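S.K.: Quick one: this structure, given as structure tokens, is what I'll be asking you about.
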Amino acid sequence: MRSYLLLFPCLVLLLAAARAQAVADVDSDGDGLSDFREVHKHFTNPKKTDSDGDGIPDGDWRERREYQYTVRTVVQVMRPVTPEFLTDDYQDVRVLDETPTFVELEVIHYPFNTVESAIHGDRSWRRGAAKMREWTKPGATADWNPSMQKELLSALRADGIDVRKLDDKTAVERVSDWLLKRAKYHDGFSTFITAFDDKGRPYIPEELDGAANGGQREKGLTLEEQWRREISARGMFETKARGSCSSSAIYLNGCLRAVGVPTRIVLCIPLVDANDPRELELVHRGIRHNEVRRVLEAKLRALRGKWASHTFNEVWVGGRWRRLNYSHLGQNIYDKQFFGLMTHVATFRDWADAKMPETIGRFAKTKRVHDVFGGPNPYSAIAVRDEFGKHCRLDNPPRGVERVKVAELQWTDSEKLPAAIRESCKRKGRFGLIARLTDLSGSDALRAFLEGADNRVFLEADGRPTLKVGFEPGCWWYDNGRAWIYVPFGGADRRDLVTGVEYAFVPRNSEDDFVWVVPAGMTVTRR
């Protein structure tokens, strides 16, 4: 029974959320979809119960997709999962199955919504916020108090930010930016392994003591010092330090509440687990929108071998819950910087409510692979398919093949390299090749190409071990139409490199849309 409690927040929280959202979600035609979502999410007519006149109301699970481009996934997600919050301005969700360990969700994503364009400020926002105490009061991690509140508001005014004179949109944008700049990034370890007792005091479950001790040794901090810098909003405000995304969300959750803005925490995951070839193939075969597929595959490649989830906030602005990703108000689920396409899986009043050590924290820190997921992430997609609704007017231009030519190869210590590149390699201890590139339309084009291309390269020579190297997407130089990129050699490649041997330079080119072009017979020899 304890595991199921993770799924359902208290009744008071649900009623408060329902009352607040009902004010914003007027449904003029009674079809089950709010006017806001019909206009900005579904693209149906908020004045007609049946926009296309086919006898099926717009609120039907299938019908609501007919004017939009959508991506449907079926995903199994480890608890905590909060289904009551998951149908929002960006996705529709229904539960297909659930066990004590995971929840199976059918998710319909609406990547091309216009929600961000509809954010407006409200100068009378304090009246509405006063009725939403569930989302402004302190908590175990959103632990602001009157003394901190007074100090925060005073510091903001000293920097020209008087919250009393600002609408809620401007206040959130300016205050969140100020808070993030004030607290410097401090890499932490405790957000997923810290539990809280009945009085809201943090502790580490015995099973996870090893993970905490390792983190303490690495950072040179006591556990209490680490908690103040990572899981306590007041502590982060006082120490001017914060951790990664979950910690930053805790920090903003507490500090924005202290200035009176209703705030909560949301947890999102990528569309699929990038460590599972089967799930990557689901994306490749199931996404027919060429640009969406390109973005997704590029971001998922970057996530291979990694634990991937993202925690940020929602704030009540303009009479509606709005996504706040660090200081970006209006964060969409479709974004080239954040997983390509995100799935919202949980919402928390306070991070302590998530009870992470009982599920995800134990899973991550003890590295026990669950049979359902089969990999390092606590989720697994079992279906992915996009759909252009029959009334959808979205274009899908064909994806042309992009090519970049390798015009020249030089060793990192070659006198033929530009002096600045050679000196940079020497200073940073880089060894390998520098490739000069042509057929580029600009640095942004090169960056996009490197995200999409297969960057693996083989150096082949008869009778010698093949060296498996690759273009380094994070190390390149671009100047007035000329570009060079680093091809690093690892320790094994450097050891197997034989001087005086002519190696053919052969890009693998496993991606159809992004192709490295190498002149016939291009070779390299280490003298």
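S.K.: Inside the range 392-419, can you point out the residues that are free of Cβ contacts under 8 Å to residues at least 24 places away in the same chain and surrounded by 11 or more Cβ atoms within 10 Å (Cβ to Cβ)?
M.R.: 413, 414
S.K.: Here's something else I'd like to know. From 354, 298, which residue is among the hydrophobic types (A, V, I, L, M, F, W, C) and either at pLDDT below 95 or surrounded by fewer than 21 Cβ atoms within 10 Å (Cβ to Cβ) (or both)? Spell out how you get there, then give the answer.
M.R.: Values: 354 fails: either at pLDDT below 95 or surrounded by fewer than 21 Cβ atoms within 10 Å (Cβ to Cβ) (or both).
Result: 298 is the single residue among 354, 298 that is among the hydrophobic types (A, V, I, L, M, F, W, C) and either at pLDDT below 95 or surrounded by fewer than 21 Cβ atoms within 10 Å (Cβ to Cβ) (or both).
S.K.: Next up: Condition first: in contact with a Gly (Cβ under 8 Å, 6 or more places away or on another chain) and closer than 25 Å to residue 419 by Cα. Now tell me which residues in the range 482-527 satisfy that.
M.R.: If the condition is that a residue be in contact with a Gly (Cβ under 8 Å, 6 or more places away or on another chain) and closer than 25 Å to residue 419 by Cα, then 486, 487, 488, 489, 525, 526, 527 are the ones that fit.
S.K.: Just wondering, is there one or more residues in the range 328-336 that are of a type in the set (Val, Ile, Thr), out of contact with any Pro (no Cβ under 7 Å at 6 or more places or on another chain) and not in a helix (DSSP H, G or I)?
M.R.: So in the range 328-336, the residues of a type in the set (Val, Ile, Thr) come out as 333.
If we keep only those that are out of contact with any Pro (no Cβ under 7 Å at 6 or more places or on another chain) as well, we get none.
Taking every residue of the range 328-336 in turn, none turns out to be of a type in the set (Val, Ile, Thr), out of contact with any Pro (no Cβ under 7 Å at 6 or more places or on another chain) and not in a helix (DSSP H, G or I).
S.K.: Filter the range 159-198 down to residues that are closer than 23 Å to residue 126 by Cβ and of a type in the set (S, T, N, Q) and give me whichever is farthest from the chain's Cα centre (by Cα).
M.R.: 170
S.K.: Also: I'm checking my understanding of the structure. Among residues of the range 319-347 that are touching a residue at least 40 places away in the same chain (Cβ under 8 Å) and over 26 Å from residue 72 (Cβ atoms), which one is surrounded by the most Cβ atoms within 10 Å (Cβ to Cβ)?
M.R.: 324
S.K.: Going through the range 58-89 one residue at a time, which ones are assigned to a loop (DSSP other than H, G, I, E, B) and touching a strand residue (DSSP E or B) at 6+ places or on another chain (Cβ under 7 Å)?
M.R.: Within the range 58-89, 79, 80, 81, 82, 86, 87, 88 meet the criteria.
S.K.: Could you go through the range 422-434 and let me know if any residue there is touching a residue at least 12 places away in the same chain (Cβ under 8 Å), of a type outside the set (Val, Ile, Thr), closer than 23 Å to residue 336 by Cα and out of contact with any Ser or Thr (no Cβ under 7 Å at 6 or more places or on another chain).
M.R.: No; the residues of the range 422-434 include none that is touching a residue at least 12 places away in the same chain (Cβ under 8 Å), of a type outside the set (Val, Ile, Thr), closer than 23 Å to residue 336 by Cα and out of contact with any Ser or Thr (no Cβ under 7 Å at 6 or more places or on another chain).
S.K.: Among residues belonging to the range 490-527 that are of a type in the set (D, E, K, R), within 22 Å of residue 415 (Cβ to Cβ) and in a loop (DSSP other than H, G, I, E, B), point out the one that is modelled with the highest pLDDT.
M.R.: The residue in question is 526.
S.K.: I'm trying to understand the selection: among the residues of the range 52-66, which are touching a residue at least 24 places away in the same chain (Cβ under 8 Å) and either surrounded by 21 or more Cβ atoms within 10 Å (Cβ to Cβ) or farther than 29 Å from residue 284 by Cβ (or both)?
M.R.: 52, 57, 58, 59, 64, 65, 66
S.K.: Give the residues of the range 376-427 that are charged (D, E, K, R) and over 30 Å from the mean Cα position of the chain (by Cα), sorted by residue number.
M.R.: If the condition is that a residue be charged (D, E, K, R) and over 30 Å from the mean Cα position of the chain (by Cα), then 390, 405, 408, 413, 415, 416, 422, 423, 426, 427 are the ones that fit.
S.K.: Confirm whether residue 510 is without any contact (Cβ under 8 Å) to a residue 12 or more places away in the chain and loosely packed, with under 15 Cβ neighbours inside 10 Å.
M.R.: On the way: without any contact (Cβ under 8 Å) to a residue 12 or more places away in the chain: no; loosely packed, with under 15 Cβ neighbours inside 10 Å: yes.
No; evaluated as a whole, the condition is false for this residue.
S.K.: I would also like to ask the following. What single numbered condition from (1) modelled with pLDDT of 95 or more; (2) surrounded by 16 or more Cβ atoms within 10 Å (Cβ to Cβ); (3) under 26 Å from residue 267 (Cα atoms) fails to hold for residue 101?
M.R.: Of (1) modelled with pLDDT of 95 or more; (2) surrounded by 16 or more Cβ atoms within 10 Å (Cβ to Cβ); (3) under 26 Å from residue 267 (Cα atoms), only one is false for residue 101: (1).
S.K.: Right, something else. Can you tell me how many residues in the range 398-436 are closer than 30 Å to residue 291 by Cβ and touching a helix residue (DSSP H, G or I) at 6+ places or on another chain (Cβ under 7 Å)?
M.R.: 4
The values are calculated or read from the model by the stated rules, or taken from the named source; none is laboratory data. Fair warning: this is a prediction, and the values are worked out from it, not measured in the lab. In this analysis, Cβ positions are derived from the backbone assuming ideal geometry, glycine residues included, and neighbour counts consider all displayed protein chains.
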